[in-house]
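Asker: Below is one structure. I have some questions about it.
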Amino acid sequence: MLLTVKALQGRECSLQVSPDERVGALKRLVAENLHVPVAQQRLLFKGKALADEHRLSDYAIGPESKLNLVIKPPEKASPEETGCKGSSPATAFPTLWPQLTQVLARHFSTADMEKVLEQLQKDYDRSLRLLSLDDIERLATRILHPDTPDMLEMGFLD
């Protein structure tokens, strides 16, 4: 069957594989075609991360399916490898929250400021969790290529 693997940066490749192929073997093919080391690859199908030891058929991946490739930085281990399940909003942008605290403190009592800050952090964390890979790709394209967002929204670029 023919699969398409697409990285967020827009590079993609089509690969001929068997439904019984293991995800780890598919990653090796992706490494050969897109020149991304296996250790830096994270393959997703319909938003779900694929485990190396499972077969493609275990995820109901069929012909003409499209997989997303997330490329991890080489110097950073995945949260699973480090034992961290995720980061809190306070650690995502270490300088943002103290600065925001100072601004809020000018306008609210301490108790109110803490409530507002806590709600902002929850909303921020929730918004990040709800972003799809397509949302991230659109955002990255708008940031990196500010002259093309209208074309993306009109569906001329994919």
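Asker: Dividing the alpha-carbon radius of gyration of the range 2-71 by 2.2 N^0.38 Å (N being the number of residues), what value is obtained? Each step should come with its number before you reach the end.
Answerer: On the way: Rg = 10.5 Å, N = 70, 2.2 N^0.38 = 11.1 Å.
Against the empirical 2.2 N^0.38 Å value, I get 0.95 for the range 2-71.
Asker: Of the peptides 25-35, 128-138, how do they stack up when ordered by the mean number of other Cβ atoms within 10 Å, highest first?
Answerer: Ranking, from highest mean packing down: 25-35, 128-138.
Asker: In addition: Using R₀ = 25 Å, calculate the FRET efficiency as 1/(1 + (r/R₀)^6) where r is the Cβ-Cβ separation of GLN16 and ASP58; round to 0.05.
Answerer: The computed FRET efficiency comes out at 0.85.
Asker: Roughly how many nanometres apart are two label points built 7 Å out from the Cα toward the Cβ at LEU100 and GLN119?
Answerer: It is 1.3 nm.
Asker: Cα-Cα over 23 Å: which of LYS46/LYS122; LYS48/LYS115; LYS72/LYS122; LYS48/LYS72; LYS46/LYS72?
Answerer: Too far apart for the 23 Å limit: LYS46/LYS122; LYS48/LYS115; LYS72/LYS122.
Just so you know, all these numbers are worked out from the coordinates, no wet-lab data involved. Note that the coordinates shown come from a computational prediction; the quantities given were computed from them, not determined experimentally. Backbone-built Cβ (ideal geometry, glycine too); neighbour counts: all protein chains shown.
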